[in-house]
Amino acid sequence: MPDFGGRVALVTGAGSGIGRAAALLFAESGARVVVSDIDETSGAETVERVRAAGGEAIFARADISQAADVEAMVESAVREFGRLDFAYNNAGIGNDAHPLAEMPEELFDRAVAVMLKGVYLCMKYEIPRILEQERGAIVNAASGAGLIGFPGQCGYVASKHGVIGLTKTAALDYAKTGLRINAICPGTARTGIVEEWTGGDAEREAEIAGYHPIGRIADPREIAEAVLWLCSDAASFVLGHAMVVDGGYTTQ
Ligand SMILES: NC(=O)c1ccc[n+]([C@@H]2O[C@H](COP(=O)([O-])OP(=O)(O)OC[C@H]3O[C@@H](n4cnc5c(N)ncnc54)[C@H](O)[C@@H]3O)[C@@H](O)[C@H]2O)c1
């Protein structure tokens, strides 16, 4: 576990799933945490859980597809805690599956607006604040679906491939500044998005687990552990990397 005492971490989509697990883990490591989500109720619950575990957190509501929300989110981090060191740009949405020609344009647009433009907007406002510190790190949520295709998910897959390109480019833009930018490519983790696919059906979950050579899906904390490692000094020479944490899913 890294020691992030005195430092500040912002997590988007922290009301649920991997984002919540990351917020809790950042707090365990000693960081003060800005919990952000479009959903106030679930975000407030994450803040409660961080505080119950002895950590320090505030909630900042933001729809990351809206520039004004994102700017206000970053500014509230700096106003409340005085600095920003780490950001995990994690918020994402599931999509109904349709072959490309049948994908409703508004679903495609929404996927790109949240999961690609949203990551761009987050970095746009986070980077100047993180650069005020000597060193810092950003991790962007891509996916196994950022490396390979996935039938019926053109908007999701295109966004996640895009996140990797965005990450590599931003990493190079700021390579010499002490800010390291990387991405993470999770396999399936047990979260809200996955419950939407399975409808809570154990057989369907077992089928999805079977696609992963490791023979199971992940606990969200297993993904969050990799996010924290990428932010830590142990990863001081890791830059522009899309780290696969997928139980072997994309290895087949
Ligand atoms: N769970 C998986 O198997 C898996 C696999 C690969 C990648 N991912 C990626 O990991 C990230 C987190 O996914 P998860 O599975 O924890 O999902 P989740 O549904 O549990 O959590 C996503 C959170 O994002 C929030 N959110 C949605 N739209 C938002 C918006 N416009 N602005 C701000 N917040 C918004 C939701 O309210 C929710 O709290 C996503 O980017 C997802 O694509 C997940």
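The values are calculated or read from the model by the stated rules, or taken from the named source; none is laboratory data. Just so it is clear, the structure is predicted and the values come from calculations on it, not from any experiment. Virtual Cβ from ideal backbone geometry, glycine too; neighbours counted across all protein chains shown. Note: accessible area is taken over every heavy atom of the protein model, side chains too, but ligands, DNA and RNA are not part of it. Shrake-Rupley method; radii C 1.70, N 1.55, O 1.52, S 1.80 Å.
Computed quantities for the displayed model
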quantity	calculated
Pair list, Cβ < 7 Å and 6+ apart or interchain, from the range 1-22 residues that are at negative phi and free of Cβ contacts under 8 Å to residues at least 24 places away in the same chain to residues that are more than 6 Å from the ligand (Cβ to nearest atom) and β-branched (Val, Ile, Thr)	none
Test: residue in the range 187-195 that is within 11 Å of the ligand (Cβ to nearest atom) and of a type in the set (D, E, K, R)	yes
Failed condition for VAL78, given (1) out of contact with any Lys or Arg (no Cβ under 7 Å at 6 or more places or on another chain); (2) touching a residue at least 12 places away in the same chain (Cβ under 8 Å); (3) open to solvent by 20 Å² or more (accessible area, probe 1.4 Å); (4) more than 21 Å from PRO220 (Cα to Cα)	(1)
Residue count, the range 13-46 (criterion: open to solvent by 10 Å² or more (accessible area, probe 1.4 Å) and either more than 8 Å from the ligand (Cβ to nearest atom) or outside any loop (DSSP other than H, G, I, E, B) (or both))	15
Subset of the range 85-96 [part of a loop (DSSP other than H, G, I, E, B) and modelled with pLDDT of 95 or more]	ASP85, ASN90, ALA91, GLY92, ILE93
Criterion violated by ALA72 - all others in (1) in a helix (DSSP H, G or I); (2) within 14 Å of the ligand (Cβ to nearest atom); (3) crowded, with 18+ Cβ neighbours inside 10 Å satisfied	(3)
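Okay, residues lined up against (1) within 19 Å of ILE127 (Cα to Cα); (2) surrounded by 18 or more Cβ atoms within 10 Å (Cβ to Cβ):
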residue: LYS168; (1), (2): yes, no
residue: ILE184; (1), (2): yes, yes
residue: ALA189; (1), (2): no, yes
residue: ALA206; (1), (2): no, no
residue: CYS231; (1), (2): yes, yes
residue: ALA234; (1), (2): no, no
residue: VAL238; (1), (2): yes, no
residue: GLY248; (1), (2): no, no
